[in-house]
Structure formats: C-alpha cells, structure tokens
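K.L.:
Got a structure for you, written out below as structure tokens; questions coming shortly.
The values are calculated or read from the model by the stated rules, or taken from the named source; none is laboratory data. Note that the structure is a prediction, hence the values are computed from the model and not measured. Cβ placement follows ideal geometry from the backbone for every residue including glycine, while neighbour counts extend to all protein chains displayed.
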Amino acid sequence: MTEKRRRRDRRIKPVKKAVFPVAGMGTRFLPATKALPKEMLPLVDKPVIQYVVEEAIASGIEEIIMITGRGKNAIENHFDRSIELEHLLLQRNQHEVLANIQEISNMVDFWYIRQKEPLGLGHAILKAKDLAGDDPFAVLLGDDVIQSDDKPGLRQLMDVYAKIGASVIALEEVPMDKISSYGVVDPEWTDGALCKIKGLVEKPAKQEAPSNLAVIGRYVLTPSIFDHLENVKPDSKGEIQLTTGLNALCAEEPVYGLRFTGKRYDTGNKMGFLVAMVEFALRRDDLGKEFRDFLKNLKP
Ligand code: UTP
C-alpha cells in the first residue's frame with residue numbers, strides 16, 4: 001500500500017451511527033396512522049421499523065438515533081424493556097417468545113430526539129447533528145424495507161463508503177411513469193451499479209427527470225451535510241428538504257449513488273404495504289404454504 005493510500009484510508013472513519021427520521025405524519029395511511037405511527041404497522045407479526053432496525057444492526061450499526069415526533073411513543077416503547085410482559089411470559093413458560101421480546105430491547109443503543117414540528121426530512125436529520133458529531137453516519141427511512149438475499153441494503157452502501165470515503169445514496173431504477181413521485185438523480189457518470197451524482201431533482205415532471213434513478217430511503221452521509229442543511233431555506237410548505245441540502249453537498253464534495261441489490265418495499269403507501277405483507281407472509285416457514293394455498297383458491 002502506498003503512503004498516500006494509507007493516509008487516505010486512515011481518514012475514512014467507520015460508520016457506526018444511524019439516524020432514523022420517524023417524525024413524519026404518515027398522511028397517506030390515514031386513518032390508521034392517526035394514533036399509530038406508520039412505522040409500527042406490522043408486516044405479518046413484526047412492525048415495519050423492526051425490519052429496518054435489524055437491517056441496520058446486520059450492517060454493523062452500533063447506535064441508533066431516532067428522530068421522533070408527536071404520537072410516536074409506541075416506537076420508543078417497542079424497543080424498550082417491558083418488565084410486566086416479560087414476567088407474564090416467564091410465569092407461563094413461554095421461553096421462546098420471552099427471548100424474542102428481550103432480544104428486541106437488547107438490540108443496540110437507542111437515542112431519541114424530538115422534532116417538535118414536522119418541518120421536513122432535512123430538518124429532522126439536522127436534529128441529529130450533536131449526537132452524530134464529526135463522524136459519517138447512515139440515514140434509514142423507517143418505512144422503506146429492503147429484502148436482500150445478498151448483503152443487507154445499508155451494508156452495500158457502507159462498503160462503498162469504506163472504499164471511497166464519500167457520501168453514498170441508495171438508488172433504484174423506476175418506470176418513467178412513476179418518476180414524479182421520487183427524488184431523482186442527475187448522474188455525471190455511471191459505472192455498473194455505481195454513479196457519481198451531479199445533482200438531484202425532487203419529484204420532477206416525467207419529461208424533466210434527469211434519469212430513471214430514484215433516491216430511496218438509505219444514505220451514508222459525511223457530517224458536512226449538517227452545514228448545508230443549516231443553510232437550506234424552507235420551501236413553499238415551510239419544510240427543509242433533504243434534497244436541497246444534498247444538492248449543496250454535491251456542489252462541494254463528491255456524492256455517489258449505488259443501485260443496490262435486493263427488493264425495496266415502500267410500506268408508507270397502501271399498495272407498497274399490501275405487496276410487502278403478501279410477500280413477507282409467503283416467505284414465512286410457518287405460514288407460507290397455507291397462505292399460498294389460500295391465495296390460489298381465492299375466488300375473485
Ligand atoms: P414522507 O413524506 O415519506 O413521510 O417522509 P410522511 O410525511 O410521514 O408521510 P406522508 O407523505 O404524510 O404519508 C420521509 C421520511 O421522513 C420522515 C418521515 O417519518 C419519513 O420516514 N420525516 C418527514 C420526518 O421525520 N420529519 C418530517 O418533518 C418529515
């Protein structure tokens with residue numbers, strides 16, 4: 001290894017912290033989300049957010065910073081201990097269920113910060129500034145679930161970060177008739193699954209979309225993003241957009257996009273949620289066969 005390379009590698013810090021912005025209002029899922037966070041909706045018997053937390057842990061994350069808001073206490077309770085429940089399960093000799101429940105609360109260190117008003121994704125991430133410090137960090141959106149038989153979705157981004165030491169955003173190719181629902185990247189160049197990002201456009205009209213590569217809810221970001229987010233002006237809805245902060249970051253330092261391998265489910269919209277529920281149920285050893293038979297015999 002050359003001295004220059006050695007020096008560069010020393011500078012690339014490992015990604016150990018992850019920010020989960022979960023303070024959004026979930027209006028697309030009302031009325032279910034009036035009192036229940038959308039991240040707590042279950043896919044079969046596990047809340048959506050637990051799949052995402054498990055992906056973060058499987059990727060090597062050691063600390064999770066949740067940005068929560070009004071009505072999101074259920075998330076905090078879910079990852080906390082429940083002494084009464086544990087006691088009851090012990091009394092009933094339900095040891096396997098008990099171990100499962102205890103595992104949830106022992107998963108990783110959690111920190112909770114309140115976003116008092118839902119002023120946008122960029123604003124939510126900015127709340128993590130003090131806890132994230134000078135380290136690179138991951139961002140995972142709690143309603144995007146990634147199923148990957150290969151490496152966990154976030155790990156794929158972290159591996160790119162470990163090599164190049166620059167921000168990496170997860171991308172997915174989407175059909176052009178759906179492109180206007182996404183943040184879309186303008187690639188400077190593409191090399192296989194990796195591209196260098198020149199800029200991003202939030203929810204472009206189909207004819208103005210710079211590519212068919214949409215940003216999905218996984219990022220590894222350098223701490224410079226905080227300086228940019230601090231300077232982002234609120235948009236017409238009063239929100240601080242992450243996309244605006246990322247555009248400023250692209251202008252200052254290299255930002256890459258990665259088409260990850262695996263399937264992503266957007267459980268924050270009804271159709272995405274239904275698809276995820278059916279596919280996760282079909283994959284289960286204990287339910288899959290019976291559920292498949294049920295679906296086959298379902299009368300229209
Ligand atoms: P979304 O726009 O997908 O989520 O925000 P939402 O606002 O909860 O849902 P809808 O559109 O009203 O149905 C993307 C992510 O950013 C978080 C959300 O929780 C979600 O994970 N977010 C959004 C915040 O944490 N704070 C905000 O002010 C806005």
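K.L.:
Going by the structure shown, is Val19 under 18 Å from the mean Cα position of the chain (by Cα), closer than 23 Å to Lys263 by Cβ, modelled with pLDDT of 95 or more and crowded, with 16+ Cβ neighbours inside 10 Å?
P.N.:
In short, no.
K.L.:
Could I ask something else about it? Search the range 47-62 for residues being without any contact (Cβ under 8 Å) to a residue 60 or more places away in the chain and assigned to a helix (DSSP H, G or I), and hand back the single one that is farthest from Asp135 (Cα to Cα).
P.N.:
Gln50
K.L.:
Which one of Asp191, Asp227 is of a type in the set (D, E, K, R), within 22 Å of Phe20 (Cα to Cα), surrounded by fewer than 21 Cβ atoms within 10 Å (Cβ to Cβ) and out of contact with any helix residue (DSSP H, G or I) (no Cβ under 6 Å at 6 or more places or on another chain)?
P.N.:
Asp227
K.L.:
Being in a helix (DSSP H, G or I) and at pLDDT 95 or above narrows it down to one of Ala162, Ala138, Ala170, so name that one.
P.N.:
Ala162
K.L.:
Sort through Ile101, Ile113 and tell me the only one that's among the aliphatic types (A, V, I, L, M), closer than 13 Å to Gln50 by Cα and surrounded by 13 or more Cβ atoms within 10 Å (Cβ to Cβ).
P.N.:
That would be Ile101, the only listed residue that is among the aliphatic types (A, V, I, L, M), closer than 13 Å to Gln50 by Cα and surrounded by 13 or more Cβ atoms within 10 Å (Cβ to Cβ).
K.L.:
Turning to a different aspect of this structure: Evaluate the following for Ile225: is it β-branched (Val, Ile, Thr) and farther than 15 Å from Val255 by Cα?
P.N.:
When the stated conditions are applied, Ile225 does not pass them.
K.L.:
While we're looking at this one, here's another question. Output the residues belonging to the range 173-188 that are in a loop (DSSP other than H, G, I, E, B), of a type outside the set (Phe, Trp, Tyr) and surrounded by 13 or more Cβ atoms within 10 Å (Cβ to Cβ).
P.N.:
Passing the criteria: only Val174.
K.L.:
How many residues are more than 14 Å from Ile146 (Cβ to Cβ) and either in a helix (DSSP H, G or I) or at pLDDT below 95 (or both) when one looks only at the range 269-284?
P.N.:
So the count comes out to 9.
K.L.:
Now for a different question. In this structure, does Leu131 turn out to be closer than 18 Å to Ile67 by Cβ, within 16 Å of the ligand (Cβ to nearest atom) and either in a loop (DSSP other than H, G, I, E, B) or over 16 Å from the mean Cα position of the chain (by Cα) (or both)?
P.N.:
yes
K.L.:
Hand me the list of helices (runs of 4 or more DSSP H) wholly inside the range 63-127 holding 3 or more residues that are away from the ligand (no atom under 15 Å from the Cβ) and touching a residue at least 12 places away in the same chain (Cβ under 8 Å).
P.N.:
In the range 63-127, the matching helices (runs of 4 or more DSSP H) lie at 83-91, 95-106.
K.L.:
Pull out all pairs, ordered by first then second residue, where Cβ-Cβ is under 7 Å, the residues are six or more apart or on different chains, the first lies in the range 18-43 and is free of Cβ contacts under 8 Å to residues at least 40 places away in the same chain, and the second is in a strand (DSSP E or B).
P.N.:
From the range 18-43, the pairs are Met40/Pro47.
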